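Here is the structure we will look at, set down as structure tokens.
The values are calculated or read from the model by the stated rules, or taken from the named source; none is laboratory data. Quantities reported herein were computed from a predicted structural model and do not represent experimental measurements. Positions of Cβ are backbone-derived with ideal geometry, glycine not excepted, and every protein chain shown enters the neighbour counts. Surface areas here come from the heavy atoms of the whole protein model, side chains and all, with no ligands, DNA or RNA. Shrake-Rupley method; radii C 1.70, N 1.55, O 1.52, S 1.80 Å.
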Amino acid sequence: MLALTLMAAAQSAAHARTAPVDPLGSPMWNAHAATLFGADPVRFDPRVKVQHPMIAENQRAFPVAIDARGIEGVKRIILFADLNPIPVAIDYRPEGAEPYIATRIKLDQRTPVRGAVQLASGEWLVSGEWVDAAGGGCSAPPVSRVKGDWAEHLGEIRGEAWPVADGNARLRLSFRHPMDTGLVENIATYHLEALSVKGVGREPLGTMEIWASVAEDPAITLMPAAQPGEMLTVEARDTNGRDYRARVAVAKQSPHPLASAP
């Protein structure tokens, strides 16, 4: 019993050492730091750019982008909102892509929205801001459930890709899916849970885990390494085990050929 107590104390001390004081003063910061980062070193770094509106006009679909292209050696990106009942939205590994991701998430109340990136060294860099939200984004039924047409369009995928600077492409994907949180009465959890983008020869360019705090009909923007004319393969799976697959060709030219950002 004493050994278990000492082990727990040691683990708590390790988490305390690796979780710096939160500049946002969130009541959930220490708990999330322990869960997400464990004993890995963590520090706040403004180079992790978390881009979003300051006020959530639509708490069901709040746009957020995490841009860590100014940082070398990024191997993982986590998007999370401290005070959401489902805090993590996306856990992304840009194996052959720029460290950038944009999507829309649900917000259940006023909360810090954060981006965390892990370097090859194992260190985590974190940034974020408080966002004002009216609340209820996670506990309101999806629009497609209210309309009753969700099954008619389930699994539809749209995608476009354009070349941008430095040999990369801007890939925009949208899925028809209710992304049920399980927090609405009589509606079980049902959401996309995995997504991968592969290039020529099925080389992995980006893989991610997805949670139900991503907005209904997910829209995701990535920046994989792909040349004009190349074909990208998109594969996804939801929590019912249903698989989704699409192929997206990178356009021969971009409407903004000098742009380096989405």
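Some observations on this one:
- Whichever residue in the stretch 226-248 is in a strand (DSSP E or B) and open to solvent by 50 Å² or more (accessible area, probe 1.4 Å) and, among such residues, is nearest to Leu79 (Cα to Cα): Arg237
- Unique match (being within 30 Å of Val42 (Cβ to Cβ) and of a type in the set (Phe, Trp, Tyr)) among Trp162, Trp150, Trp130: Trp130
- For the stretch 163-179, a tally of residues being open to solvent by 40 Å² or more (accessible area, probe 1.4 Å) and over 14 Å from Glu216 (Cβ atoms) returns 2.
- The set of residues from the stretch 212-225 being small (Gly, Ala, Ser), closer than 24 Å to Gly135 by Cα and open to solvent by 10 Å² or more (accessible area, probe 1.4 Å) comprises just one member, Ala219.
- Residue match in the stretch 182-191 (condition: of a type outside the set (Asp, Glu) and closer than 19 Å to Val248 by Cβ): no
- Yes/no for Gln59 being touching a helix residue (DSSP H, G or I) at 6+ places or on another chain (Cβ under 9 Å) and modelled with pLDDT under 95: no
- Scanning the stretch 1-46 for residues that are open to solvent by 90 Å² or more (accessible area, probe 1.4 Å) and at pLDDT 60 or above turns up Val21, Pro23, Pro27, Asn30, Thr35, Arg43, Pro46.
- All of Gly155, Gly96 fail the test of being at pLDDT below 95 and open to solvent by less than 40 Å² (accessible area, probe 1.4 Å), apart from Gly155.
- Taken over the stretch 86-138, the criterion of being within 19 Å of Ile55 (Cα to Cα) and part of a loop (DSSP other than H, G, I, E, B) is satisfied by Pro87, Lys106, Leu107, Asp108, Gln109, Arg110, Ala134, Gly135, Gly136, Gly137, Cys138.
- Qualifying residues in the stretch 180-211 (those that are over 21 Å from Ala225 (Cβ atoms), free of Cβ contacts under 8 Å to residues at least 60 places away in the same chain and not in a strand (DSSP E or B)) - the one least open to solvent (accessible area, probe 1.4 Å): His191
- Members of the stretch 58-77 that are part of a strand (DSSP E or B), farther than 18 Å from His191 by Cα and not charged (D, E, K, R): Pro63, Val64, Ala65, Ile66, Val74, Ile77
- Selection within the stretch 76-102 - under 10 Å from the mean Cα position of the chain (by Cα) and β-branched (Val, Ile, Thr): Ile77, Ile78, Val88, Ile90, Ile101
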